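The values are calculated or read from the model by the stated rules, or taken from the named source; none is laboratory data. Here the structure is a predicted model, which means the values were calculated and not measured. Reconstructed Cβ throughout: ideal geometry from the backbone, glycine too, with neighbour counts over all protein chains shown. Accessible surface is based on the protein model in full, side chains and every heavy atom, while ligands, DNA and RNA are left aside. Shrake-Rupley method; radii C 1.70, N 1.55, O 1.52, S 1.80 Å.
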Amino acid sequence: MSDWLRWLLIALCLVLALLVVWLGRRRRSLFPGVEWTRRKRVRGRRGMVGSVLGWLVVALVVAGSTGGGLLWFLGWPRLPDAGQFDVAQLLDLLKIALSVVAGFGGVVLLAVNYRKQRVAEDEHDLAVQRAEREVVQKFNERFGSAAEQLANESAAVRLAGVYAMAGLADDWVDKRQVCVDVLCGYFRITREGAGETEVREAILRVIRDRTRASAVISWSPLDFDFSGVTLENADFARLKFDGEVLFDGAEFVGGVASFAGAQFGRLLSFHGARFSAAETNFAGLSVTSGKAEFVGTEFGGEKADFSDGFLEFASMSFFRCRFTAPVVGFSQLSTHISRVVFDRCALADLEFDLANGQSYEAISRATVLVDHCRFERCRIDLSRVGRHVVLTDCVLDTVTVVDRDEDPQPGGWSNVELRGGTSLPAHFAAV
């Protein structure tokens, strides 16, 4: 065999060995979905003996392969007879033999130390798992105790349960959502009696304290489900929610239902909700990279205020909603690559204010879409935003449309039916 072929084969063997070692060390990253577990080893003397024998076998294989490869590389030379060795050469051979024996002894020592290290690691892992189980057990005990307090007949005990559950949510990050679901679910339990109002107000208070921008422990990334609840004088002003917030089927009563300055980042849902409070305040509402959905929602009371709202990469949709509040305001609404949609809504006996929207940004199409809606006895103010509002397949019955603008331009209206002496600005004549 030629020398260059021998060198090539040796190089290939080295590369293969390095590749095997590298794959062994990188197997966790190469197979992220595979959990590598250690085989359960036999404790005691038999396990130690088996480990040592295994390492000795590996050492013998390595030594034999190395010696055989070296002899092959040298062309399998013939060794001289034993009588031809002098004393110095015999001593060298003896040193080599002792070195080989010492090497095997080192292999045995390495095997023992390696096994001790593995045993120590296993004991550490078991200790960590035991500690984690103890922590989870304590959390479960606290959860059960807080849940029992919330179900107690005494309002004072239930009040203590609210703060106990909130404290547990602060400490138990993995199950924080579960604790919040329990607090929100409490609103759906019909319970009357002295002190019940204080218990419900305490739940809203702990939620408000932990969804403010300045909260030390923030619940803002969580989901909140207030579906089917009745909230009196609801106050969600200036709070921040990054998860889903559901008020489906909820009813808002009292003097005011306030979401003024609140920030929502994923989903704000009012399917089938009813606003009966004297004032519904969404002024300064901010929705970023999310959507606000009002489906089958009723807006009563004296005023529904959505002024100064801000939408960025978001949408606000009103589908089959009914507006009866005398004033419905969307003035100064600011949108960026977003839009507001009114679809199949009914508005009667009110002032619908979209005026003064200097901050509107029309991105290729209109910002406000009104489709299949019916306006009766209304006053619609489109001052300075008329060009950004599109009405399609709508009915205007006894409606006055106002558009005060230095350069008035009507939006793209189509199939709009005018009834009852509806009054339009002069520049809408061509629509």
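What the table below lists for this structure:
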{"item": "Segment 265-385: translational diffusion in µm²/s, Stokes-Einstein, Kirkwood Rh over Cα pairs, 25 °C, 0.890 mPa s", "result": "173 µm²/s"}
{"item": "Share of carbon and sulfur in the accessible heavy-atom surface of segment 302-353 [1.4 Å probe, %]", "result": "49 percent"}
{"item": "Segment 199-264: trypsin sites (Lys or Arg not before Pro) in DSSP loop, at most 15 other beta carbons within 10 Å", "result": "R212"}
{"item": "Within-11-Å neighbourhood charge of N356 [Cβ basis; K, R +1; D, E -1]", "result": "-2"}
{"item": "Debye equation applied to the C-alpha atoms of segment 164-252, log10 I(q)/I(0) at 0.23, 0.24, 0.25 Å⁻¹", "result": "-1.32, -1.43, -1.53"}
{"item": "Solvent exposure of segment 136-268 as accessible area per residue, Å², 1.4 Å probe", "result": "46 Å²"}
{"item": "At most 14 other Cβ within 10 Å, DSSP loop - chymotrypsin sites (Phe, Trp or Tyr not before Pro), segment 241-313", "result": "F313"}
{"item": "Theoretical gain in end-to-end length, A147 to A348 [0.36 nm per residue, Cα-Cα removed]", "result": "67.7 nm"}
{"item": "With every protein chain in place, segment 139-180: carbon and sulfur % of accessible area (1.4 Å)", "result": "54 percent"}
{"item": "Under 18 Å from the Cα of K175 - lysines, other chains or at least 8 residues apart", "result": "K138"}
{"item": "Charge dipole (debye, nearest 20) of segment 193-318; +1 at Cβ of Lys and Arg, -1 at Cβ of Asp and Glu", "result": "340 debye"}
{"item": "Spatially proximal lysines relative to K116 (Cα-Cα < 27 Å; intrachain offsets below 8 disregarded)", "result": "K40"}
{"item": "Radius of gyration, Dmax [segment 191-350; alpha carbons; angstrom]", "result": "15.2, 50"}
{"item": "Under 15 Å, Cβ to Cβ, from R320 - net charge with Lys/Arg +1 and Asp/Glu -1", "result": "-2"}
{"item": "Summed residue charge, Cβ within 14 Å of V402's Cβ, Lys/Arg positive, Asp/Glu negative", "result": "-2"}
